[in-house]
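The values are calculated or read from the model by the stated rules, or taken from the named source; none is laboratory data. Quick caveat, the model's predicted, so the values are computed rather than measured. Glycine gets a Cβ as well: all are built from the backbone with ideal geometry, and neighbour counts include every protein chain shown.
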Amino acid sequence: MSKNIFFTFIFIGIFNISLPILPVVSEDIKVNSSIDSGKESNKENLENSKPSHGYNYLIGSGDILQLKFSDPQISNYNGEFKVLSDGWIFLPIIGNYFIENKTLEEARNDLISKYSKELIVPDLQLNLSYSRPLDISIIGEVQKPGLYQIKDILGNPPKLVDGLQLAGGITSKSNLEDVKLIRVFKEDGELIKKITSLNLTSLVEEGDQSHNIKLSHGDVLKINSTSQFSKTQYKLAKATLAPAKIGITVVGEVKQPGEKIVISGISLIEAIMIAGGPVDWQANRQNIQLIREDESGAINVSSYKYNIKKNNSIKNNPILKDGDIINVNAGNYAKFSRGMKTIISPFSDLITGITFYKLIND
């Protein structure tokens with residue numbers, strides 16, 4: 001028995017020594033496989049993957065491709081063709097062709113080979129005329145993690161900062177020194193998933209755009225958490241990585257209630273002032289409710305006081321998020337007067353009816 005245990009430990013030790021050392025910053029993983037390939041990845045090879053017109057662009061359902069033959073005698077075969085939902089495309093002469101997850105260069109070379117069996121001069125150009133909407137995932141320490149779709153990306157491909165702004169911006173726990181970007185590449189005919197770590201502190205503090213790379217289809221952005229984020233860094237980063245505008249709603253005893261599109265970073269009291277301020281004699285300035293949905297979908301209600309004369313801290317005058325609802329409750333006087341009106345209103349109608357009856361019978 002002891003001999004079996006001894007040989008088991010020897011085998012485990014040899015097995016661990018033979019395993020490859022995983023890279024610290026990034027890793028490549030074959031799609032549908034949990035085995036690390038050991039290749040090295042960095043932000044440069046991610047940057048070379050352009051979401052439009054680039055070699056590494058992976059063709060997919062919804063893309064429209066422009067096919068153009070060099071031989072002017074067969075120019076009638078030129079045109080634009082859409083990739084169908086099943087990944088196939090119907091092209092002149094050769095008919096159906098499966099093109100999904102091929103790069104533009106890979107598809108062009110393959111088509112030249114196929115057309116060479118039918119044409120004397122099979123040379124052709126294959127370009128991306130319209131790119132399908134960009135589907136990305138943003139998870140971790142952002143205001144609104146989830147799946148996002150960006151349209152019309154061909155002329156103005158979105159970048160990493162655009163994605164963060166789309167997700168409502170960062171939180172006070174966001175680790176800007178370790179933003180993970182996960183992307184699928186086509187290399188040597190295989191789909192390879194690359195993971196790289198990006199540092200956005202230089203972008204926030206110095207405006208360095210080297211890590212603000214272009215996003216591509218299927219990208220996953222993961223913003224990790226940290227407890228080392230200073231208030232000064234957060235304020236600066238929030239101004240850079242938050243959306244320019246947010247939507248809020250102000251209801252209750254204000255002069256101009258309704259939905260408002262406001263500048264990102266606005267406070268609770270500023271939003272009430274934009275809504276015209278509290279209605280005199282009706283608003284309860286001691287009970288302003290902030291209604292907010294958290295990341296789990298739960299609704300949280302917090303109460304604050306309205307006081308523009310006092311220098312309010314963030315604790316007493318919070319910065320608003322997209323989707324927040326502010327309810328300015330009615331004061332006691334407004335509640336009393338409305339209650340009396342509700343009670344008296346039926347009698348008022350009755351008195352009016354009796355008075356009218358007397359007038360027509362006099």
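Rundown of residues vs (1) without any contact (Cβ under 8 Å) to a residue 24 or more places away in the chain; (2) over 19 Å from LYS238 (Cβ atoms); (3) assigned by TED's automatic domain parsing to the domain that holds ILE319, yes/no style:
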| position | (1), (2), (3) |
| --- | --- |
| GLN256 | yes, yes, yes |
| LEU268 | no, no, yes |
| ALA271 | no, no, yes |
| GLY276 | yes, yes, yes |
| GLN286 | yes, yes, yes |
| ILE291 | no, yes, yes |
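Residues being of a type in the set (Val, Ile, Thr) and either free of Cβ contacts under 8 Å to residues at least 40 places away in the same chain or assigned to a helix (DSSP H, G or I) (or both): count how many of those fall in region 103-124.
Total meeting the criteria: 1.
Where in region 195-305 are the strands (runs of 3 or more DSSP E), entirely inside, with at least 2 residues that are within 30 Å of LEU154 (Cα to Cα) and modelled with pLDDT of 90 or more?
Working: elements: 220-225, 245-252, 258-263, 283-293, 299-304.
Here the list reads 220-225.
Go over the candidates ASN78, ASN109, ASN156, ASN101 one by one and state the one that is surrounded by fewer than 19 Cβ atoms within 10 Å (Cβ to Cβ), more than 22 Å from LYS186 (Cα to Cα) and not assigned by TED's automatic domain parsing to the domain that holds THR201.
ASN78
Given the conditions (1) closer than 29 Å to LEU104 by Cβ; (2) touching a residue at least 60 places away in the same chain (Cβ under 8 Å); (3) not aliphatic (A, V, I, L, M), which single one is not true for ASP162?
In the conditions (1) closer than 29 Å to LEU104 by Cβ; (2) touching a residue at least 60 places away in the same chain (Cβ under 8 Å); (3) not aliphatic (A, V, I, L, M), ASP162 misses (2) alone.
Filter region 200-215 down to the residues that are small (Gly, Ala, Ser) and without any contact (Cβ under 8 Å) to a residue 60 or more places away in the chain and list them by number.
SER202, GLY207
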